[in-house]
1. How many residues, within the stretch 271-325, are open to solvent by 60 Å² or more (accessible area, probe 1.4 Å), assigned to a helix (DSSP H, G or I) and of a type outside the set (A, V, I, L, M)?
2. Among what's in the stretch 10-26 and is in a helix (DSSP H, G or I) and in contact with a strand residue (DSSP E or B) (Cβ under 8 Å, 6 or more places away or on another chain), pick the residue that is surrounded by the fewest Cβ atoms within 10 Å (Cβ to Cβ).
3. Looking only at residues in the stretch 131-146 that are assigned to a helix (DSSP H, G or I) and open to solvent by less than 30 Å² (accessible area, probe 1.4 Å), which one is modelled with the lowest pLDDT?
4. Say we look at the stretch 244-254 and pick out the residues that are open to solvent by less than 80 Å² (accessible area, probe 1.4 Å) and closer than 19 Å to GLU284 by Cβ; which of these is nearest to the chain's Cα centre (by Cα)?
5. Looking only at the stretch 216-229, how many residues end up being acidic (Asp, Glu) and part of a helix (DSSP H, G or I)?
6. Report, by residue number, each residue of the stretch 87-101 that is open to solvent by less than 60 Å² (accessible area, probe 1.4 Å) and under 13 Å from GLN147 (Cβ atoms).
7. Assess whether TYR223 counts as being closer than 30 Å to ALA286 by Cα and touching a Leu at 6+ places or on another chain (Cβ under 9 Å).
8. Is it the case, given these coordinates, that ILE261 is surrounded by fewer than 15 Cβ atoms within 10 Å (Cβ to Cβ), of a type in the set (Val, Ile, Thr) and closer than 30 Å to GLY291 by Cα?
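The values are calculated or read from the model by the stated rules, or taken from the named source; none is laboratory data. Small disclaimer: the values here were computed from a predicted structure and weren't measured. With ideal geometry, Cβ positions are generated from the backbone for all residues, glycine too; neighbour counts draw on all protein chains shown. What goes into the accessible areas is simple: the full protein's heavy atoms, side chains included, and nothing from ligands, DNA or RNA. Shrake-Rupley method; radii C 1.70, N 1.55, O 1.52, S 1.80 Å.
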Amino acid sequence: MRADRLLSILFSLQQNEKMTTKELATQLEVTERTIHRDMDALSAAGIPVFAERGKYGGWKVLEEYKKAFSGLKESELNTLFLSPSSHLLTDLGIEQEWSEARKKLLATYPAKKKQELTRSWDRIHIDSSTWRKRNAMTKEDGLKELQQAVWNDVNVEIDYEKADGKRSTRVISPLGLVAKGSTWYVVAVSNGQLRNFKVSRIHSVTLLSESFDRPVDFNLAEYWHESKQKFIENLPKYKVDIFISPSIVKRLTFTGQFVQIIKIDELNEDGWFPAILSFDIKEEAAQYILGFGDHVRINQPEELKKEVTQMAAAVLRMYEKAKQE
């Protein structure tokens, strides 16, 4: 398209300071006559491109125009050149487009400014993936179809699996996609209500021909923030009163994200730290505490003492049985 070619010419001139008609024609795979017509078009649009005559001549764009074209503060520019999470860009299928867009933006600045901007690439890198590589079979395969539905405001039919393993087929109206860490969610209207669906639990996505009217007052970022807060507030809480050995105090939060430290008091006369922890459910608390062996002693609740005692006894029976076999 001619519009794309005109932008390419403009970016090339800003990046290279000066280019001959032949160089531009070779780069864009068009004739030199086409380049001359394109230059006339750029001039007619008010863009100050001009030709320097002579042996070392070529096409240039006024320096003042470059400054006006950028017009961003240095702190603002640095944020634009931070590297986002590459695996999320890959999930969305736009990693190449993002890379090209950054190159084109960089091309609008003089050589000295380019060096300053590229410094941020080597100083801050954002990686929101997990330490374990995702299996190709568990990747969100329906993400491409969901993107298409979000962009075009069309309904989709999904085969969705709940946390309890039950599956159902439903029609939803996707309003947006959200990446929480390395996990994707689709925010959609389902049965007249706003719902969040975990993309990895969607077994199949079918694009439908019917479109929907997007709510005019819907803001994805605001909705997600409110939804997240409600989810956190409604999480079940199971508080545990325990005593902790000094040797494991610094390791408390390394074993999982489901534990919350409410408080840790001063070391008592018996050489233990009194503490209160909070878990989502009793089973998580029991497994967590049992993992520390004799370095954690339960004070309350009594039911948790019984639970951990029974689990420890079951482990002992298993090893005793293994010895006898």
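1. 16
2. Once the filter is applied, the top-ranked residue is GLU23.
3. Taking the candidates together, the pick is LEU143.
4. THR253
5. Within the stretch 216-229, residues that are acidic (Asp, Glu) and part of a helix (DSSP H, G or I) number 2.
6. Passing the criteria: LEU88, LEU89, ASP91, LEU92, GLY93.
7. In short, no.
8. Here the answer is yes, as ILE261 does meet what is asked.
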